[in-house]
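Worksheet for the structure shown next.
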Amino acid sequence: MSISVPQELLDFIKNHKKFIIAGHKDPDGDCVGSQLAMASMLKRLGKEVVVCSSGPFKRSEISVYQDRFADVVREEDRLDAVVVIMDCSAANRTGDLEECIKGLPTAVVDHHERGDRRVGSQENPAFIDPSAPSVTFLTLALIEALGLAPTEEEAKLLFFGLCTDTGFFRHVDSTGYETFAYASRLIKAGANPKETFRLINGGKSFASRRFLGVLLAGSRQYFDGKLILATEEYHEFQRFGPECRDSDALYRLLQAVDGVEVVMLIRQETPGSCSVGLRSQDRIDVSVIAAAFGGGGHKNAAGVSMAGTVETVCPQLLGIFEKIF
Ligand SMILES: [Mn+2]
(Lines give C-alpha, C1' and ligand atoms only; values in the text may rest on other atoms or scores of the structure.)
Protein backbone atom coordinates (compact mmCIF):
# COMPACT_ATOMS: atom_id res chain seq x y z
CA MET A 1 0.00 0.00 0.00
CA SER A 2 1.23 3.45 -0.64
CA ILE A 3 -0.38 6.26 1.28
CA SER A 4 -0.83 9.70 -0.15
CA VAL A 5 -2.13 12.41 2.10
CA PRO A 6 -4.62 14.67 0.26
CA GLN A 7 -3.25 18.14 -0.38
CA GLU A 8 -6.61 19.56 0.76
CA LEU A 9 -6.04 18.13 4.23
CA LEU A 10 -2.55 19.62 4.45
CA ASP A 11 -3.98 23.00 3.37
CA PHE A 12 -6.86 22.61 5.85
CA ILE A 13 -4.36 22.21 8.68
CA LYS A 14 -2.10 25.01 7.50
CA ASN A 15 -4.95 27.46 6.87
CA HIS A 16 -6.91 27.10 10.10
CA LYS A 17 -6.01 28.07 13.66
CA LYS A 18 -8.62 26.45 15.82
CA PHE A 19 -9.52 22.77 15.78
CA ILE A 20 -12.08 20.49 17.37
CA ILE A 21 -10.89 16.88 17.23
CA ALA A 22 -13.78 14.41 17.41
CA GLY A 23 -13.99 10.63 17.16
CA HIS A 24 -16.67 7.96 17.15
CA LYS A 25 -18.71 7.22 20.24
CA ASP A 26 -17.66 4.20 22.29
CA PRO A 27 -14.03 4.93 21.38
CA ASP A 28 -11.36 2.26 21.02
CA GLY A 29 -7.58 2.52 21.22
CA ASP A 30 -7.27 3.60 17.60
CA CYS A 31 -9.77 6.40 18.05
CA VAL A 32 -8.27 7.63 21.32
CA GLY A 33 -4.67 7.30 20.11
CA SER A 34 -5.26 9.08 16.82
CA GLN A 35 -7.31 11.89 18.39
CA LEU A 36 -4.77 12.61 21.11
CA ALA A 37 -1.74 12.38 18.78
CA MET A 38 -3.46 14.65 16.27
CA ALA A 39 -4.27 17.16 19.02
CA SER A 40 -0.69 17.08 20.27
CA MET A 41 0.74 17.58 16.78
CA LEU A 42 -1.62 20.50 16.08
CA LYS A 43 -0.63 22.14 19.37
CA ARG A 44 3.01 21.86 18.31
CA LEU A 45 2.05 23.78 15.19
CA GLY A 46 0.70 26.53 17.44
CA LYS A 47 -2.97 25.69 16.90
CA GLU A 48 -5.74 25.98 19.44
CA VAL A 49 -7.21 22.51 20.01
CA VAL A 50 -10.20 21.00 21.79
CA VAL A 51 -10.26 17.21 21.79
CA CYS A 52 -13.62 15.68 22.56
CA SER A 53 -15.49 12.40 22.74
CA SER A 54 -18.96 11.41 23.78
CA GLY A 55 -17.50 8.24 25.35
CA PRO A 56 -18.18 5.98 27.15
CA PHE A 57 -14.60 4.94 27.93
CA LYS A 58 -15.55 1.38 28.79
CA ARG A 59 -12.42 -0.58 28.05
CA SER A 60 -9.84 -0.62 30.81
CA GLU A 61 -6.96 0.22 28.45
CA ILE A 62 -8.59 3.48 27.33
CA SER A 63 -10.34 4.61 30.50
CA VAL A 64 -7.03 6.13 31.67
CA TYR A 65 -7.30 8.67 28.84
CA GLN A 66 -10.86 9.78 29.63
CA ASP A 67 -9.92 12.97 31.50
CA ARG A 68 -8.04 14.23 28.43
CA PHE A 69 -11.32 14.50 26.51
CA ALA A 70 -14.08 17.08 26.77
CA ASP A 71 -17.54 15.54 26.54
CA VAL A 72 -19.18 18.68 25.18
CA VAL A 73 -18.14 21.43 22.79
CA ARG A 74 -18.85 24.84 24.27
CA GLU A 75 -20.11 27.75 22.20
CA GLU A 76 -16.75 29.55 22.55
CA ASP A 77 -14.98 26.41 21.30
CA ARG A 78 -17.14 26.45 18.16
CA LEU A 79 -16.34 30.06 17.30
CA ASP A 80 -14.16 30.11 14.13
CA ALA A 81 -13.27 26.47 14.68
CA VAL A 82 -12.94 23.65 12.18
CA VAL A 83 -13.44 19.96 12.93
CA VAL A 84 -11.40 16.84 12.32
CA ILE A 85 -13.38 13.61 12.71
CA MET A 86 -11.21 10.54 13.25
CA ASP A 87 -11.88 6.81 12.88
CA CYS A 88 -15.33 7.32 11.37
CA SER A 89 -16.64 9.25 8.41
CA ALA A 90 -19.83 10.90 9.55
CA ALA A 91 -20.86 13.29 12.28
CA ASN A 92 -23.68 10.97 13.37
CA ARG A 93 -21.12 8.38 14.53
CA THR A 94 -19.77 10.86 17.07
CA GLY A 95 -22.81 10.44 19.32
CA ASP A 96 -23.73 13.52 21.34
CA LEU A 97 -21.07 15.61 19.60
CA GLU A 98 -23.03 15.60 16.35
CA GLU A 99 -25.14 18.62 17.31
CA CYS A 100 -22.10 20.60 18.55
CA ILE A 101 -20.04 20.22 15.37
CA LYS A 102 -22.84 20.70 12.87
CA GLY A 103 -22.21 23.28 10.18
CA LEU A 104 -18.47 23.67 10.79
CA PRO A 105 -15.89 22.90 8.07
CA THR A 106 -15.00 19.25 8.70
CA ALA A 107 -12.11 17.03 7.69
CA VAL A 108 -12.33 13.26 8.01
CA VAL A 109 -9.51 10.79 8.65
CA ASP A 110 -10.78 7.24 8.46
CA HIS A 111 -10.06 3.69 7.32
CA HIS A 112 -13.52 2.11 7.41
CA GLU A 113 -14.76 0.19 4.41
CA ARG A 114 -18.43 1.01 4.48
CA GLY A 115 -20.81 3.47 6.01
CA ASP A 116 -21.03 7.07 5.05
CA ARG A 117 -18.08 7.27 2.72
CA ARG A 118 -17.72 10.78 1.40
CA VAL A 119 -15.75 12.59 -1.20
CA GLY A 120 -13.43 15.28 0.06
CA SER A 121 -13.37 18.89 -0.99
CA GLN A 122 -11.17 21.88 -0.29
CA GLU A 123 -13.42 22.96 2.57
CA ASN A 124 -14.20 19.47 3.85
CA PRO A 125 -11.19 17.24 3.11
CA ALA A 126 -11.41 13.46 3.34
CA PHE A 127 -8.40 11.27 4.05
CA ILE A 128 -10.05 7.86 3.86
CA ASP A 129 -8.05 4.77 3.06
CA PRO A 130 -9.57 1.34 3.80
CA SER A 131 -6.22 -0.30 3.08
CA ALA A 132 -4.73 1.39 6.15
CA PRO A 133 -4.54 -0.86 9.21
CA SER A 134 -5.52 1.95 11.59
CA VAL A 135 -6.27 5.65 11.73
CA THR A 136 -3.14 6.09 13.83
CA PHE A 137 -1.27 4.77 10.77
CA LEU A 138 -2.88 7.52 8.66
CA THR A 139 -2.10 10.04 11.40
CA LEU A 140 1.59 9.17 11.23
CA ALA A 141 1.45 9.55 7.43
CA LEU A 142 -0.11 12.99 7.96
CA ILE A 143 2.45 14.06 10.57
CA GLU A 144 5.25 13.05 8.20
CA ALA A 145 3.59 14.72 5.21
CA LEU A 146 3.63 17.95 7.24
CA GLY A 147 7.40 17.56 7.52
CA LEU A 148 7.30 16.58 11.19
CA ALA A 149 8.25 13.50 13.20
CA PRO A 150 6.12 12.21 16.09
CA THR A 151 7.18 13.10 19.63
CA GLU A 152 7.73 10.21 22.05
CA GLU A 153 4.25 10.73 23.52
CA GLU A 154 2.64 10.84 20.06
CA ALA A 155 4.57 7.74 18.97
CA LYS A 156 3.26 5.84 22.01
CA LEU A 157 -0.31 6.90 21.29
CA LEU A 158 -0.04 6.04 17.60
CA PHE A 159 1.55 2.67 18.33
CA PHE A 160 -1.21 1.93 20.84
CA GLY A 161 -3.86 2.51 18.15
CA LEU A 162 -1.95 0.49 15.56
CA CYS A 163 -1.68 -2.45 17.97
CA THR A 164 -5.36 -2.20 18.91
CA ASP A 165 -6.68 -2.32 15.35
CA THR A 166 -4.25 -4.99 14.11
CA GLY A 167 -4.83 -7.20 17.17
CA PHE A 168 -1.17 -6.70 17.96
CA PHE A 169 -0.30 -7.45 14.32
CA ARG A 170 -2.26 -10.72 14.20
CA HIS A 171 -4.53 -9.32 11.46
CA VAL A 172 -1.65 -8.16 9.25
CA ASP A 173 -1.29 -10.30 6.16
CA SER A 174 1.40 -10.53 3.48
CA THR A 175 0.43 -7.11 2.11
CA GLY A 176 1.27 -5.50 5.44
CA TYR A 177 4.96 -4.72 5.13
CA GLU A 178 4.24 -0.99 5.40
CA THR A 179 2.52 -1.63 8.73
CA PHE A 180 5.81 -2.88 10.11
CA ALA A 181 7.75 -0.03 8.51
CA TYR A 182 5.43 2.42 10.28
CA ALA A 183 5.64 0.43 13.52
CA SER A 184 9.41 0.51 13.26
CA ARG A 185 9.43 4.29 12.95
CA LEU A 186 7.10 4.60 15.95
CA ILE A 187 9.32 2.37 18.08
CA LYS A 188 12.35 4.39 17.02
CA ALA A 189 10.46 7.51 18.14
CA GLY A 190 9.81 6.05 21.60
CA ALA A 191 6.94 3.53 21.45
CA ASN A 192 7.47 0.38 23.51
CA PRO A 193 5.80 -2.82 22.20
CA LYS A 194 6.19 -4.71 25.47
CA GLU A 195 4.60 -1.88 27.46
CA THR A 196 1.81 -1.48 24.89
CA PHE A 197 1.03 -5.21 24.96
CA ARG A 198 0.69 -5.06 28.73
CA LEU A 199 -1.45 -1.92 28.50
CA ILE A 200 -3.85 -3.62 26.08
CA ASN A 201 -3.88 -7.16 27.45
CA GLY A 202 -3.10 -6.80 31.12
CA GLY A 203 -4.91 -5.18 34.03
CA LYS A 204 -7.96 -7.44 33.84
CA SER A 205 -10.01 -8.40 36.86
CA PHE A 206 -10.48 -12.00 37.96
CA ALA A 207 -14.24 -11.57 37.51
CA SER A 208 -13.70 -10.67 33.86
CA ARG A 209 -11.98 -14.05 33.32
CA ARG A 210 -14.89 -15.84 34.98
CA PHE A 211 -17.33 -13.90 32.76
CA LEU A 212 -15.41 -15.19 29.74
CA GLY A 213 -15.93 -18.67 31.15
CA VAL A 214 -19.70 -18.14 31.27
CA LEU A 215 -19.79 -16.96 27.64
CA LEU A 216 -17.51 -19.76 26.44
CA ALA A 217 -19.57 -22.39 28.24
CA GLY A 218 -22.75 -21.08 26.58
CA SER A 219 -21.34 -20.81 23.05
CA ARG A 220 -22.72 -23.01 20.27
CA GLN A 221 -21.54 -24.18 16.86
CA TYR A 222 -23.66 -23.86 13.70
CA PHE A 223 -23.24 -24.96 10.08
CA ASP A 224 -20.72 -27.73 10.77
CA GLY A 225 -18.76 -25.45 13.04
CA LYS A 226 -18.28 -22.71 10.44
CA LEU A 227 -20.11 -20.31 12.75
CA ILE A 228 -19.76 -20.04 16.52
CA LEU A 229 -22.34 -18.03 18.40
CA ALA A 230 -21.84 -16.65 21.90
CA THR A 231 -24.67 -14.84 23.65
CA GLU A 232 -24.68 -12.60 26.67
CA GLU A 233 -27.97 -12.54 28.53
CA TYR A 234 -29.07 -9.37 30.28
CA HIS A 235 -29.01 -10.91 33.77
CA GLU A 236 -25.42 -12.09 33.22
CA PHE A 237 -24.41 -8.62 32.04
CA GLN A 238 -26.00 -7.13 35.15
CA ARG A 239 -24.33 -9.66 37.40
CA PHE A 240 -20.82 -9.03 36.06
CA GLY A 241 -21.07 -5.42 34.82
CA PRO A 242 -19.65 -3.71 31.73
CA GLU A 243 -16.12 -3.54 33.18
CA CYS A 244 -15.97 -7.36 33.05
CA ARG A 245 -16.52 -7.50 29.30
CA ASP A 246 -13.59 -8.58 27.16
CA SER A 247 -14.89 -9.32 23.71
CA ASP A 248 -11.41 -9.25 22.16
CA ALA A 249 -10.33 -12.19 24.30
CA LEU A 250 -13.56 -14.03 23.59
CA TYR A 251 -13.18 -13.64 19.82
CA ARG A 252 -9.55 -14.69 20.02
CA LEU A 253 -10.38 -17.89 21.89
CA LEU A 254 -13.30 -18.84 19.64
CA GLN A 255 -11.52 -17.94 16.41
CA ALA A 256 -8.86 -20.46 17.35
CA VAL A 257 -11.36 -23.30 16.88
CA ASP A 258 -10.58 -25.52 13.91
CA GLY A 259 -12.88 -24.89 10.93
CA VAL A 260 -14.58 -21.74 12.26
CA GLU A 261 -15.14 -18.96 9.72
CA VAL A 262 -17.30 -16.52 11.68
CA VAL A 263 -17.68 -15.77 15.38
CA MET A 264 -20.82 -13.89 16.35
CA LEU A 265 -21.38 -12.32 19.76
CA ILE A 266 -24.90 -11.17 20.61
CA ARG A 267 -25.36 -9.16 23.77
CA GLN A 268 -28.57 -8.09 25.43
CA GLU A 269 -27.59 -4.47 26.09
CA THR A 270 -30.98 -3.35 27.40
CA PRO A 271 -34.18 -5.36 27.84
CA GLY A 272 -35.20 -4.25 24.32
CA SER A 273 -31.96 -4.02 22.34
CA CYS A 274 -28.95 -6.12 21.41
CA SER A 275 -25.49 -5.40 20.10
CA VAL A 276 -24.11 -7.83 17.59
CA GLY A 277 -20.38 -8.29 16.98
CA LEU A 278 -19.10 -10.24 14.01
CA ARG A 279 -15.57 -11.50 13.32
CA SER A 280 -14.55 -13.49 10.27
CA GLN A 281 -11.28 -15.18 9.51
CA ASP A 282 -10.84 -14.31 5.85
CA ARG A 283 -13.36 -15.19 3.18
CA ILE A 284 -16.59 -13.76 4.55
CA ASP A 285 -17.20 -10.03 4.51
CA VAL A 286 -19.11 -9.46 7.75
CA SER A 287 -19.40 -5.70 7.13
CA VAL A 288 -21.98 -6.53 4.44
CA ILE A 289 -24.03 -8.53 6.94
CA ALA A 290 -23.82 -5.76 9.55
CA ALA A 291 -24.76 -3.18 6.90
CA ALA A 292 -27.88 -5.20 6.01
CA PHE A 293 -29.15 -4.38 9.52
CA GLY A 294 -27.91 -0.79 9.56
CA GLY A 295 -24.47 -1.38 11.08
CA GLY A 296 -20.97 -1.27 9.65
CA GLY A 297 -17.31 -2.06 10.09
CA HIS A 298 -14.57 -3.86 8.23
CA LYS A 299 -14.49 -7.03 6.13
CA ASN A 300 -13.33 -9.15 9.06
CA ALA A 301 -14.78 -7.17 11.98
CA ALA A 302 -18.16 -5.50 12.05
CA GLY A 303 -21.04 -4.73 14.36
CA VAL A 304 -24.61 -3.57 14.57
CA SER A 305 -27.23 -2.64 17.16
CA MET A 306 -30.61 -4.31 16.77
CA ALA A 307 -33.93 -3.93 18.50
CA GLY A 308 -35.20 -7.06 20.21
CA THR A 309 -33.93 -9.80 22.48
CA VAL A 310 -31.24 -12.42 21.95
CA GLU A 311 -34.07 -14.86 21.15
CA THR A 312 -35.58 -12.67 18.41
CA VAL A 313 -32.33 -11.31 16.94
CA CYS A 314 -30.59 -14.69 16.69
CA PRO A 315 -32.83 -16.29 14.04
CA GLN A 316 -32.63 -13.20 11.80
CA LEU A 317 -28.83 -13.37 11.70
CA LEU A 318 -28.65 -17.16 11.48
CA GLY A 319 -31.03 -16.94 8.50
CA ILE A 320 -28.51 -14.80 6.63
CA PHE A 321 -25.65 -17.15 7.48
CA GLU A 322 -27.71 -20.15 6.38
CA LYS A 323 -27.67 -18.68 2.85
CA ILE A 324 -23.90 -18.05 3.00
CA PHE A 325 -22.85 -21.46 4.30
MN1 LIG B 1 -9.77 2.22 13.68
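The values are calculated or read from the model by the stated rules, or taken from the named source; none is laboratory data. All figures in this text were calculated on a predicted structure; none of them were measured in a lab. Counting neighbours? That spans all protein chains shown, and the Cβs are built from the backbone with ideal geometry, glycine included. Calculation scope for accessible area: heavy atoms of the full protein, side chains included, ligands and nucleic acids excluded. Shrake-Rupley method; radii C 1.70, N 1.55, O 1.52, S 1.80 Å.
Starting from the exponent 0.38 and prefactor 2.2 Å, build the expected Rg for the stretch 87-180 from its residue count and divide its actual Cα Rg by it.
Normalised Rg, Cα atoms only: 1.16.
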- Query: Roughly speaking, to the nearest percent, how much of the chain's 1.4 Å accessible area is carbon and sulfur?
  - Reply: 50 percent
- Note on the structure: Answer in debye to the nearest 20: the dipole magnitude of the stretch 7-200 about its Cα centre, from +1 Lys/Arg and -1 Asp/Glu charges placed on Cβ, is 340 debye
- Query: Can you give the translational diffusion coefficient of the stretch 96-252 in µm²/s, computed by Stokes-Einstein from the Kirkwood radius over Cα pairs at 25 °C and 0.890 mPa s?
  - Reply: 132 µm²/s
- Item | Gaussian network model of the chain, Cα within-10 Å springs - most flexible of Arg279, Arg78, Arg239 | Arg239
- Task: Could you check which residue among His112, His24, His235 shows the biggest mean-square fluctuation in a GNM of the chain with a 10 Å Cα cutoff?
- Result: His235
- Note on the structure: Rounded to the nearest 5, the percent of antiparallel DSSP beta bridges in the chain equals 45 percent
- Magnitude of the charge dipole, the stretch 206-324, Cβ model with Lys/Arg +1 and Asp/Glu -1, debye to 20: 120 debye
- Sorted largest first, the Cα spans of the stretch 1-91 on the principal axes come out in Å as 41, 36, 25
- Task: Mind checking which of Gln268, Thr94, Thr164 is farthest towards the positive end of the chain's charge dipole, using Cβ charges of +1 (Lys, Arg) and -1 (Asp, Glu) about the Cα centre?
- Result: Thr164
- Task: Set the Förster distance to 56 Å, then compute FRET efficiency between Lys18 and Arg220 from the Cβ-Cβ distance, nearest 0.05.
- Result: 0.60
- Item | Theoretical ellipticity at 222 nm over the chain - DSSP helices of four or more residues, -39500 (n - 2.57) apiece, nearest 500 | -12000 deg cm²/dmol
- Item | Calculated FRET value between Ser273 and Gln238, using beta carbons and R₀ = 22 Å, to 0.05 | 0.90
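Dipole magnitude of the stretch 1-99 about its Cα centre, charges +1 at Lys/Arg Cβ and -1 at Asp/Glu Cβ only, in debye to the nearest 20? Spell out each step's value before the answer.
Details: 13 positive and 17 negative charges, 72 e Å.
About 340 debye.
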- Item | Accessible area of the chain divided out per residue, in Å², using a probe of 1.4 angstrom | 45 Å²
- Query: Direction-averaged shadow area of the convex hull around the Cα atoms of the chain, nm²?
  - Reply: 16.2 nm²
- Once the Cα atoms of the stretch 7-200 are picked out, what are the Rg and Dmax in Å? 15.4, 48
- Query: Among Phe168, Phe57, Phe180, whose mean-square fluctuation peaks in a Gaussian network model of the chain (Cα, cutoff 10 Å)?
  - Reply: Phe180
- Message: What percentages make up the Cα-Cα pair-distance distribution of the stretch 206-324 when the bins are 10 Å wide from 0?
- Response: 14, 49, 33, 4
